Amino acid sequence: MFQLICYSNSWSLSDFEIGRPLGKGKFGNVYLAREKKSKFIVALKVIFKSQIMKANCENQLKREVEIQAHLRHPHILRLYGYFHDDKRVYIILEYAPKGEVYKELQLMPGKKFDDKKAATYIYQLANALKYCHAKKVIHRDIKPENLLLDAKGQLKIADFGWAVHAPSSRRMTLCGTLDYLPPEMVQGQTHDEKVDLWSLGVLCYEFVVGTPAFETATWDGTYNKISRAAYSFPSYVSQGARDLVSKVSSTQLFCKGCVTLC
């Protein structure tokens, strides 16, 4: 039977005015909503219990909610509360009006950021990941689609669906999005919080180049490039951007220092 621990402050759908849809996920949708008493604007994630149970993801959803609800950082999307009825689970999230970093990236010339913006986003993301890792939380799915922007353009890590709380264990689950996974994950080896640092390095490259570092036309091709940590810079990438990637990757983000930057 589907069960989810609720906050002591019991919410219900009648507490909210529901607005336009903000996005669609695997198990449900996200809507703009307003809490009636406070007039506070939130994003309401609506998840169908039947789909969660069919996919055998009850524990994954519980873990996602429990982890994100306890994180407090300016660059991590807040989870304010959650409740459920007979058919759905409702997660009350901070509203990030400027949407996904991915969508912003697609609108940029060459689908890349200038050096200053790339450095700003990488700094904010690194700061949030440092906080997560201090709390023994591994996100495991860092990518542009899971990074949101608030009204001031500040980056927020979202979607903790693959996150785990790992006090001491090393994990072997293959999860996340291939383009951003490190060699140890694609090879089925144990992994720890360093998988998030690898993804940070891949994002840094994508922000200044315009494509993920290991992207190819096929799954096998991408797998092979990741396994060899094989990437290079296009000629148009500025020296400043190369330096930025070098500084990010200098903390052993890329295959424990096995990459020689161009």
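May I ask you to list the residues in the range 77-103 that are assigned to a helix (DSSP H, G or I) and either surrounded by fewer than 19 Cβ atoms within 10 Å (Cβ to Cβ) or touching a Gly at 6+ places or on another chain (Cβ under 7 Å) (or both)?
The answer is Y102, K103.
Kindly indicate which of A134, A128, A151, A119 is under 11 Å from H75 (Cα atoms) and either at pLDDT 95 or above or more than 10 Å from the chain's Cα centre (by Cα) (or both).
The unique qualifying residue is A128.
Return yes when K87 is basic (K, R) and not assigned by the TED database to the domain that holds L22 and no when it is not.
No: the conditions fail for K87.
Within the range 162-217, track down each residue that is modelled with pLDDT of 90 or more, buried (at least 22 other Cβ atoms within 10 Å of the Cβ) and part of a loop (DSSP other than H, G, I, E, B).
A163, the sole residue that qualifies.
Tell me which residues, restricted to the range 120-146, are surrounded by 17 or more Cβ atoms within 10 Å (Cβ to Cβ), in contact with a Pro (Cβ under 9 Å, 6 or more places away or on another chain) and not in a helix (DSSP H, G or I).
Passing the criteria: only K143.
How about the range 104-113: which of its residues are surrounded by fewer than 15 Cβ atoms within 10 Å (Cβ to Cβ) and not in a helix (DSSP H, G or I)?
Correct list: M108 only.
The values are calculated or read from the model by the stated rules, or taken from the named source; none is laboratory data. Here the structure is a predicted model, which means the values were calculated and not measured. Note: ideal-geometry Cβ built from the backbone for every residue, glycine included; neighbour counts use all protein chains shown.
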